[in-house]
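The values are calculated or read from the model by the stated rules, or taken from the named source; none is laboratory data. Bear in mind the structure is a predicted one, so any value in this text is a computation, not a measurement. Here Cβ is always computed from backbone atoms with ideal geometry, including for glycine, and neighbour counts include all displayed protein chains. Remember, those area values only see protein heavy atoms, side chains included, never the ligands or the DNA or RNA. Shrake-Rupley method; radii C 1.70, N 1.55, O 1.52, S 1.80 Å.
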Protein chains: 2
Amino acid sequence: MRPAHRVGPQLPGTTEPAERADAARNRRRLLDAARELVREHGVDALTMDALAKRAGVGKGTVFRRFGSRTGLMYALLDHSETLAQEAFIFGPPPLGPGAAPVDRLIAFGQARLLDIEVEGELHRAAELGSPERHYSSQPYRVLKTHVAMLLREADTPGDSGLSADALLGVLAAGLVLHQLRTLGYTREQIASNWEALVRRVAGPAAQ
Amino acid sequence: MRPAHRVGPQLPGTTEPAERADAARNRRRLLDAARELVREHGVDALTMDALAKRAGVGKGTVFRRFGSRTGLMYALLDHSETLAQEAFIFGPPPLGPGAAPVDRLIAFGQARLLDIEVEGELHRAAELGSPERHYSSQPYRVLKTHVAMLLREADTPGDSGLSADALLGVLAAGLVLHQLRTLGYTREQIASNWEALVRRVAGPAAQ
């Protein structure tokens with residue numbers, strides 16, 4: 001499975017134009033700067049102006065690249081999803097391949113909760129609108145494919161697709177932000193509940 | 001715990017004006033007719049005109065009561081939530097009191113899935129908009145209180161509030177409608193997965 005929404009790997013035997021590789025590198029550099037801004041100062045601090053200053057480029061470059069602040073937010077969410085996908089598909093264990101499926105599921109939830117805590121508004125924005133569009137979106141389907149695969153590897157009984165939907169619901173940004181901000185849970189409490197849930201759902205029947 | 005959104009019980013020592021009791025009865029009769037219309041012909045068939053005909057009253061009465069079709073839809077959702085609450089708080093087992101907590105949880109999900117199948121659009125509409133508003137709403141909090149109580153009665157380890165959120169996520173109307181309509185699952189498949197999930201999450205650790 002390849003991460004969705006990436007600039008694809010170069011095909012063997014083709015020559016990538018230098019400008020295109022440059023553009024991709026510049027885009028990635030801008031998005032890394034945007035991600036840092038959000039992690040350090042929250043999503044409100046992410047303006048076209050602030051990003052231009054941070055990345056040391058002209059404001060025109062930022063507008064040319066992303067069109068608007070909304071365009072930038074979606075590009076950043078996309079970038080975060082790509083990094084997350086790279087981590088759980090190709091990265092080191094326990095998130096990536098090489099650990100037991102239950103341990104990979106636990107690490108997956110922990111990584112997701114950290115992302116939601118720091119980039120929650122972006123995640124939540126992506127979940128707004130039609131549920132149909134959300135559940136049919138490529139990022140959701142990549143997450144679901146991954147979780148369903150780990151559930152099958154762990155010999156979890158029942159339909160792996162439905163069970164993956166069930167587990168992913170626990171990590172929905174809107175729900176997690178409600179638990180963190182309104183109900184006052186800590187991320188550690190939510191992560192520990194995730195671990196207990198995964199052990200019960202995906203672990204061996206006799207515990 | 002009292003069902004939310006009900007016309008409250010009469011306080012001892014007060015005299016309820018006859019008009020008010022009449023109005024409540026008429027309202028309930030209109031809502032029962034609206035519910036039948038939706039169950040028989042789907043949510044699109046629910047118009048102010050059709051409801052007036054069905055209930056044998058003038059169109060003016062329906063408009064006076066609900067204001068608009070949107071007002072009617074919200075009143076109907078409210079009515080359905082009230083009936084659902086009555087069933088799981090006061091009704092016969094296994095949904096109501098008197099059965100084992102795990103059996104009550106299983107019956108709760110089955111009843112919810114049936115409601116979503118027949119009144120899904122209404123439920124989904126209620127989940128749209130701000131997640132914060134949804135999770136803080138009285139209907140959601142009543143469901144959560146009920147599920148958390150059953151989880152505690154079943155001696156489920158972990159935080160009962162977080163686990164209740166996790167289980168209720170599986171019954172979110174937007175998700176269930178996606179599973180039914182887009183992914184092609186039957187209600188029986190989803191109900192059977194719910195039962196397996198509840199047994200793993202809330203059942204004894206050694207199964």
Can you pull the one-decimal nm distance between simple spin-label points at A:Lys59 and B:Arg29, each 7 Å off the Cα toward Cβ? 6.6 nm
If you stretched the chain out fully between B:Tyr74 and B:Arg39, how much longer would it get, using 0.36 nm times the residue separation minus the C-alpha to C-alpha distance? 11.0 nm
Once R0 is set to 35 Å, what does the formula 1/(1 + (r/R0)^6) return for the Cβ-Cβ distance between A:Arg187 and B:Asp49, expressed as a FRET efficiency to the nearest 0.05? 0.10
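Given 10 °C and 1.306 mPa s, how large is the Stokes-Einstein diffusion coefficient of the stretch B:16-67 in µm²/s, with Rh as the Kirkwood radius over Cα pairs?
Details: Rh = 11.3 Å.
Value of D from the Cα-based Kirkwood radius: 140 µm²/s.
Per DSSP helix of 4 or more residues, -39500 (n - 2.57); summed, then divided by the residues of chain B. What does that give at 222 nm, rounded to the nearest 500?
Counting only the DSSP helices, I get -22500 deg cm²/dmol.
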When the label point is put 7 Å from the Cα of B:Ala99 along its Cα-to-beta-carbon vector, which residues of the stretch B:178-206 have a backbone N closer than 12 Å? B:195
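Might you report the magnitude of the Cβ-based charge dipole of chain B about its Cα centre, with Lys and Arg at +1 and Asp and Glu at -1, to the nearest 20 debye?
Numbers: 26 positive and 24 negative charges, 111 e Å.
Here chain B has a charge dipole of around 540 debye.
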Solvent-accessible area buried by pairing B with A, both sides, nearest 100 square angstrom, 1.4 angstrom probe: 3000 Å²
I'd like to know which of B:Val170, A:Gly71, B:Val38 lies farthest towards the positive end of the charge dipole of the protein assembly as shown, counting +1 on Cβ of Lys and Arg and -1 on Cβ of Asp and Glu. A:Gly71
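Let me know the mean shielding of B:154-160 by other chains, meaning the per-residue number of their Cβ atoms within 10 Å of its Cβ.
Details: counts 0, 0, 2, 4, 9, 7, 1.
Per residue, the number of nearby Cβ atoms from other chains is 3 on average.
What's the long-distance tail for the stretch B:94-181, i.e. % of Cα pairs beyond 14 Å? List each step's numbers first, then the result.
On the way: 2509 of 3828 pairs.
Value for the stretch B:94-181 (Cα pairs over 14 Å): 66 percent.
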Chain A: relative contact order as a whole-number percent, Cα under 8 Å and 6+ apart: 20 percent
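With only Lys, Arg, Asp and Glu charged, each at its Cβ (+1 for the first two, -1 for the last two), find how big the charge dipole of the stretch A:17-67 is about the Cα centre; round to the nearest 20 debye. Could you put the intermediate results ahead of the total?
On the way: 12 positive and 7 negative charges, 38 e Å.
Its charge dipole is roughly 180 debye.
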What are the distances, in nm and sorted shortest first, from the label point of B:Glu153 to the label points of the same position in each other copy, with each label point placed 7 Å from Cα along the Cα-to-Cβ direction? 3.9
For the protein assembly as shown, treating each Cα as an identical point scatterer without solvent, what Debye log10 I(q)/I(0) comes out at q = 0.08, 0.09, 0.11, 0.13 1/Å? -0.53, -0.66, -0.92, -1.16
Put +1 on the Cβ of every Lys and Arg and -1 on every Asp and Glu Cβ in the stretch A:50-193; which of A:Val62, A:Val102, A:Gly161 then has its Cα farthest towards the positive end of the dipole? A:Val62
Computed about the Cα centre, the charge dipole of the stretch A:90-207 from +1 Lys/Arg and -1 Asp/Glu charges at the Cβ has a magnitude in debye, to the nearest 20, of 60 debye
Label-point separation, B:Glu153 to B:Ser137 (7 Å along Cα→Cβ), nm: 2.6 nm
Using only Cα atoms and rounding to the nearest 10 degrees, what angle (0 to 90) does helix A:69-90 make with the longest principal axis of chain A? 50 degrees
Taking 8 Å as the Cα distance limit and 6 or more residues as the minimum spacing, I'd like the relative contact order of the stretch B:99-207 as a percentage. 41 percent
Please check the stretch A:171-193 for residues whose accessible area, probe 1.4 Å, is lower by 50 Å² or more when all protein chains are in place than in their chain alone. A:Leu175, A:His178, A:Tyr185, A:Asn193
Nearest-first distances (nm) between copies at A:Arg29, label 7 Å from Cα via Cβ: 7.6
Three principal axis lengths of the stretch B:13-169 [C-alpha, angstrom, descending]: 55, 42, 28
Mind checking which chain B residue has its Cβ closest to the axis relating B to A, and how many whole Å off it is? B:Gly169, 2
Any chance you could give the angle, 0 to 90 degrees and rounded to 10, that helix A:138-153 forms with the longest Cα principal axis of chain A? 30 degrees
Put a label point 7 Å from Cα along the Cβ direction on B:Ala100, then list its distances to the equivalent points in the other copies in nm, shortest first. 2.7
